[in-house]
Amino acid sequence: MSLVKLIDLSSFSDDRGGFVVIESGQTISFEVKRLYYIFNTSGNKPRGFHAHIDLKQIAICVNGSCRFILDDGLQREEVILNSPTKGLMIERLTWREMHDFSEDCVLLVLASSHYDETDYIRNYDEFLRVVKNDAR
Ligand code: TYD
């Protein structure tokens, strides 16, 4: 099964411009507790390089583009996000890296929990160990 799950966001664009709506628990499967966005990015400064024990997220490139690498410990896939109407679902225990940010990139992330540093796995070998022992 593909790691890359792109959600088509409801859009009502017309001659006045673009419009996207996201409803917590409806458009997306989890309740959104937090959102953040990344901007003023640089193409040669990748980000991410971590996984989460429990957190689920959806990433939307609302402007510009960037390249995501997703890795579940068994397979590694990549996808270019370049549309404000597509959301990338990032499940728990998924290693993610973000590369090749365009200068105008604005990356919005919706998250299922509040910020919790103890939910992060920042070491790739530790990530592989956790995946191997995961009972869920
Ligand atoms: P970081 O994990 O480096 O971001 P990325 O995944 O894009 O590489 O986060 C940047 C900083 O922001 C870091 O000091 C932690 C802090 N932070 C919060 O305070 N709250 C949050 O919700 C997030 C995601 C990060």
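Tell me whether segment 106-121 contains one or more residues that are touching a residue at least 60 places away in the same chain (Cβ under 8 Å), open to solvent by 20 Å² or more (accessible area, probe 1.4 Å), closer than 24 Å to Ser13 by Cβ and not polar (S, T, N, Q). Scanning segment 106-121 turns up at least one residue that is touching a residue at least 60 places away in the same chain (Cβ under 8 Å), open to solvent by 20 Å² or more (accessible area, probe 1.4 Å), closer than 24 Å to Ser13 by Cβ and not polar (S, T, N, Q).
Just one of the listed residues (Leu74, Leu88) is more than 11 Å from the ligand (Cβ to nearest atom), open to solvent by 70 Å² or more (accessible area, probe 1.4 Å) and closer than 26 Å to Ile121 by Cα, and it is Leu74.
Filtered by the rule that a residue be in contact (Cβ under 8 Å) with a residue 12 or more places away in the chain and either within 16 Å of the ligand (Cβ to nearest atom) or of a type in the set (D, E, K, R) (or both), segment 1-22 gives Lys5, Asp8.
Taking the listed residues Arg136, Arg67, the one that is free of Cβ contacts under 8 Å to residues at least 60 places away in the same chain and under 13 Å from Val4 (Cα atoms) is Arg67, with no other qualifying.
Looking across segment 100-115, the residues that are outside any strand (DSSP E or B) and within 9 Å of the ligand (Cβ to nearest atom) come down to His114, Tyr115. How many of the residues making up segment 38-64 are over 16 Å from Thr94 (Cβ atoms), surrounded by 18 or more Cβ atoms within 10 Å (Cβ to Cβ) and touching a residue at least 60 places away in the same chain (Cβ under 8 Å)? Total satisfying the criteria: 1.
The values are calculated or read from the model by the stated rules, or taken from the named source; none is laboratory data. This one's a predicted model, so the numbers in the text were calculated from it and none came from an experiment. Glycine also receives a Cβ, built like all others from the backbone with ideal geometry; neighbour counts cover every protein chain displayed. SASA here: full protein model, heavy atoms, side chains in, ligands and nucleic acids out. Shrake-Rupley method; radii C 1.70, N 1.55, O 1.52, S 1.80 Å.
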